[in-house]
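Okay, so here's the structure we're looking at.
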Amino acid sequence: MPSAPLAPFRPAATLLAAYLVATLPLAVRGGAGAGLLAGLAALLAAAAWTLRRASPQRGATRALAAWLPLLAVPACYAALPLVAAGLGRTALHDARVIAWETALFGTSPTLALSARWPVPALSELLHAGYLSYYAVIYVPPAWLWWRGRRDAFAVATWTVWLAFVVCYAVFATLPVQGPWYQWPAPATVPDGPARALVQALLHAGSSRGTAFPSSHVAVSVAQTLALARVAPRMAVATGAATLLLAAGAVYGGFHYAVDVVAGAALGAAIGALGPQVHARLTRAT
């Protein structure tokens, strides 16, 4: 049985290892390059190593086990189109999602919002909110770790990683490219530094087929609800960022509104249930 210091981190590390075992062969089949495959294999080896350590008291081993799921996010995200290809899921399902959007809203909010409010200050605020996604993922765990709140860190990390895994499973089986690929950029969205930065990041690292549900929203909602249990003040900040992020995703033309709705529902479910599942898994180790 693992000793106590590692136990809270084992659920997320185990889920990471299981995810990589399932998806690495699919990425190979999908044509992943040597660099990405090496990175994924290294993550799997690191996860297996931390889980097998008999003496996890040492700080370096404990820190690696704790942070590994969050450090794995970029590589796992980059591999998603290849995982989908490995599954034979190359067809995009935007037409289906657009039909849901029309049935729900009567139009596309992605096209309507910036046309209704082409205000530069509003645009920059919402795009800055969209950029806050990265801070929502990494800043709360870093703060909890720095404060020595290891159990709270473990709950937040598990909940976020669980949200990612569920989103990634949907992306791999129901690829939707989203309006950023599907349509030209809305001409009514005002330009500005925040929008330019978002566009640059998307051009540099967006993975096609990862629009539905919005993992930005799902992860941010799940993180906020997990933090509400362990760090309520920080949850207020992440909650505000999540609202801006969700609005910015639609206003900027990066997601269909139904992506955001689905992401919010998924994030709420995971944020509510994830900490309870983590507690049970931790007790079982």
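Tabulated data
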item: Members of segment 162-177 found to be assigned to a helix (DSSP H, G or I) and polar (S, T, N, Q), listed by number; result: Thr173
item: Residues within segment 220-240 that are among the small types (Gly, Ala, Ser), surrounded by fewer than 24 Cβ atoms within 10 Å (Cβ to Cβ) and in contact (Cβ under 8 Å) with a residue 60 or more places away in the chain, tallied; result: 1
item: Meets criteria (without any contact (Cβ under 8 Å) to a residue 40 or more places away in the chain, closer than 19 Å to Ala246 by Cβ and surrounded by 17 or more Cβ atoms within 10 Å (Cβ to Cβ)) for Ala112; result: yes
item: Qualifying residue in segment 155-176 (condition: crowded, with 18+ Cβ neighbours inside 10 Å, of a type outside the set (A, V, I, L, M, F, W, C), within 17 Å of His127 (Cβ to Cβ) and touching a Phe, Trp or Tyr at 6+ places or on another chain (Cβ under 9 Å)); result: no
item: Long-range neighbours under 7 Å by Cβ, at least six apart or interchain, first residue under 22 Å from Val165 (Cα atoms) within segment 198-219, second among the aromatic types (Phe, Trp, Tyr) and in a helix (DSSP H, G or I); result: Leu202/Trp180; Ser207/Tyr77; Arg208/Tyr181; Gly209/Phe171; Thr210/Phe171; Ser215/Phe164; His216/Tyr133; Val219/Phe164
item: Which listed residue, of Thr23, Thr50, Thr14, is among the polar types (S, T, N, Q) and over 20 Å from Cys167 (Cβ atoms); result: Thr50
item: Qualifying residue in segment 57-78 (condition: over 19 Å from Leu16 (Cα atoms) and in a helix (DSSP H, G or I)); result: yes
item: Enumeration of residues in segment 76-114 that are of a type in the set (A, V, I, L, M), in contact with a Pro (Cβ under 7 Å, 6 or more places away or on another chain) and modelled with pLDDT under 95; result: Leu111
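Conditions tested, residue by residue: (1) among the small types (Gly, Ala, Ser); (2) assigned to a helix (DSSP H, G or I).
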{"position": "Ser220", "(1), (2)": "yes, yes"}
{"position": "Leu225", "(1), (2)": "no, yes"}
{"position": "Arg229", "(1), (2)": "no, yes"}
{"position": "Met234", "(1), (2)": "no, yes"}
{"position": "Ala241", "(1), (2)": "yes, yes"}
{"position": "Gly248", "(1), (2)": "yes, yes"}
{"position": "His255", "(1), (2)": "no, no"}
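The values are calculated or read from the model by the stated rules, or taken from the named source; none is laboratory data. This one's a predicted model, so the numbers in the text were calculated from it and none came from an experiment. Neighbour counts are summed over all protein chains in view; Cβ atoms, including those assigned to glycine, are modelled from backbone coordinates with ideal geometry.
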